[in-house]
Amino acid sequence: QKEVEQDPGPLSVPEGAIVSLNCTYSNSAFQYFMWYRQYSRKGPELLMYTYSSGNKEDGRFTAQVDKSSKYISLFIRDSQPSDSATYLCAMILQGGSEKLVFGKGTKLTVNP
Amino acid sequence: GAVVSQHPSWVICKSGTSVKIECRSLDFQATTMFWYRQFPKQSLMLMATSNEGSKATYEQGVEKDKFLINHASLTLSTLTVTSAHPEDSSFYICSARDQLSNGGSRKQYFGPGTRLTVT
């Protein structure tokens, strides 16, 4: 079992839809959770950062962490064609190195 | 957010030559930077952790003599691909954390990447 599981998609939605992206993980020692957006041929861009459990909202984006279920989510409201990209979840262990452990990434297409 | 730059953004070199890629944190200091490579349609693969003023830590399977890393200052790390071969062609990306002014945050910021093509 991989440490971080993420459905690679692809996921295709109409403009304005609510998008739900998810990752599960196996190591309960993960404490820092991030979502990155990566456009083709570009470096990943940090979207959301959460420490431990809870929700965080930033504009159209909401990140949720459920440590009891080892499950994290990213919701995108009112999705736009410009949201079309690959979304990567990433996490870091508490007290360990600062290495990011990534999911495989989900490719999202928002159709106008 | 913090800004990380990379140079060059794209480079073509001949087989057997060496190529240097620079990673700079523009508005913060980073004692630790990370180097990744990414193949098409795949996730990022960590190559090494670059520590300012000390030797880099390489991931298993990464040849340290082939991928030379130098982290000479708090804002600059370089990756040199030595004696490059076509199989080294890839997208190389660095990341950095603002460790000195950001408390306990583990946020990592990525550069825009460098596309290396070895002919």
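The values are calculated or read from the model by the stated rules, or taken from the named source; none is laboratory data. Since we're looking at a predicted model, the values are computed, not measured. Glycine also receives a Cβ, built like all others from the backbone with ideal geometry; neighbour counts cover every protein chain displayed.
Where strands (runs of 3 or more DSSP E) sit wholly within segment A:1-69, those with at least 2 residues that are surrounded by 15 or more Cβ atoms within 10 Å (Cβ to Cβ), free of Cβ contacts under 8 Å to residues at least 40 places away in the same chain and touching a strand residue (DSSP E or B) at 6+ places or on another chain (Cβ under 6 Å) occupy A:45-51, A:61-66.
Of all residues being more than 17 Å from the chain's Cα centre (by Cα) and surrounded by 12 or more Cβ atoms within 10 Å (Cβ to Cβ) in segment B:84-106, which is modelled with the lowest pLDDT? Just the residue, please.
B:Asn102
I'd like to know if segment B:1-13 contains one or more residues that are farther than 29 Å from A:Pro8 by Cα, surrounded by 15 or more Cβ atoms within 10 Å (Cβ to Cβ) and either small (Gly, Ala, Ser) or modelled with pLDDT under 95 (or both). Checked against the condition, which is being farther than 29 Å from A:Pro8 by Cα, surrounded by 15 or more Cβ atoms within 10 Å (Cβ to Cβ) and either small (Gly, Ala, Ser) or modelled with pLDDT under 95 (or both), segment B:1-13 yields no hits at all. State whether one or more residues within segment A:73-85 are touching a strand residue (DSSP E or B) at 6+ places or on another chain (Cβ under 6 Å) and within 14 Å of chain B (Cβ to nearest Cβ). Looking through segment A:73-85, at least one residue is touching a strand residue (DSSP E or B) at 6+ places or on another chain (Cβ under 6 Å) and within 14 Å of chain B (Cβ to nearest Cβ).
Scanning segment A:48-79 for residues that are farther than 15 Å from A:Tyr25 by Cα and of a type in the set (Gly, Ala, Ser) turns up A:Gly54, A:Gly59, A:Ala63, A:Ser79. Can you find even one residue in segment A:92-103 that is loosely packed, with under 13 Cβ neighbours inside 10 Å, under 20 Å from B:Leu44 (Cα atoms), more than 11 Å from the chain's Cα centre (by Cα) and within 14 Å of chain B (Cβ to nearest Cβ)? Yes, segment A:92-103 contains at least one residue that is loosely packed, with under 13 Cβ neighbours inside 10 Å, under 20 Å from B:Leu44 (Cα atoms), more than 11 Å from the chain's Cα centre (by Cα) and within 14 Å of chain B (Cβ to nearest Cβ). All of B:Thr119, B:Thr31, B:Thr75 fail the test of being β-branched (Val, Ile, Thr) and touching a strand residue (DSSP E or B) at 6+ places or on another chain (Cβ under 6 Å), apart from B:Thr75.
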